[in-house]
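Here is the structure we will look at.
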Amino acid sequence: MLSDGPIALLVLFVLKRLPEQMSWVLQVTGGLFLLYLAAATYRQWERQPASAGEEGPAPHTFLQAATVNILNPNPYLGWSLVLGPEVLKAWRHSPICAAALITAFYATMITSLAAIILLFSTTRFLGPRGRRALILVSAAALAGLALYLLAAGISKAVPLVI
């Protein structure tokens with residue numbers, strides 16, 4: 001969260017200046033980006049060994065993690081393609097709605113990350129097959145969200161005629 005604040009402000013400042021018609025482009029692009037992440041996660045699942053192997057890299061410090069987040073393109077892409085447009089849409093409805101969206105997002109993210117950390121700390125008990133299953137579930141969840149964003153963006157670009 002330490003590094004997300006400046007990233008969010010920068011992206012929202014830029015997005016605020018884009019025409020509203022660009023929202024469908026951002027949604028489709030965000031969907032494609034999440035589809036790319038789902039495919040990358042799936043490839044990781046394919047490469048994950050089915051038997052016990054080496055441990056991952058050693059943990060890093062909080063400041064190192066914040067620095068990596070600032071230099072990482074993912075938060076910029078996430079804010080510009082997924083969360084940023086939704087925050088601006090909520091802001092047009094009401095600033096309270098935008099604040100509620102951001103609060104709900106970070107509350108969910110922090111709670112989910114805490115649960116994931118606890119869950120992943122127990123994955124050593126699951127063995128390699130259990131870890132592979134979790135990677136596959138992650139890929140499916142990313143793909144599902146990607147398809148949702150793609151459908152929402154395309155439906156804005158090409159209104160359905162009934």
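The values are calculated or read from the model by the stated rules, or taken from the named source; none is laboratory data. It should be emphasised that the depicted structure is a prediction, and the values quoted were computed from it without experimental measurement. A quick note on method: Cβ atoms are made from the backbone with ideal geometry, for glycine too, and the neighbour counts reach across all protein chains shown.
Hey, can you tell me all the residues within segment 152-162 that are of a type in the set (A, V, I, L, M, F, W, C) and either in contact with a Phe, Trp or Tyr (Cβ under 6 Å, 6 or more places away or on another chain) or loosely packed, with under 13 Cβ neighbours inside 10 Å (or both)? Those that are of a type in the set (A, V, I, L, M, F, W, C) and either in contact with a Phe, Trp or Tyr (Cβ under 6 Å, 6 or more places away or on another chain) or loosely packed, with under 13 Cβ neighbours inside 10 Å (or both): 157, 158, 160, 161, 162. Considering only segment 123-131, I want to know if a residue exists there that is exposed (fewer than 14 other Cβ atoms within 10 Å of the Cβ), touching a residue at least 60 places away in the same chain (Cβ under 8 Å) and of a type in the set (D, E, K, R). Taking every residue of segment 123-131 in turn, at least one turns out to be exposed (fewer than 14 other Cβ atoms within 10 Å of the Cβ), touching a residue at least 60 places away in the same chain (Cβ under 8 Å) and of a type in the set (D, E, K, R).
Scanning segment 1-41 for residues that are of a type in the set (Ser, Thr, Tyr) and within 11 Å of residue 80 (Cβ to Cβ) turns up just one, 29. Of the helices (runs of 4 or more DSSP H) that lie entirely inside segment 53-162, those containing 3 or more residues that are of a type in the set (D, E, K, R) and modelled with pLDDT of 85 or more span 84-93. Screening the candidates 118, 81, 101, 150 for the property of being more than 24 Å from residue 47 (Cβ to Cβ), without any contact (Cβ under 8 Å) to a residue 24 or more places away in the chain and in contact with a helix residue (DSSP H, G or I) (Cβ under 8 Å, 6 or more places away or on another chain) yields one hit, 101.
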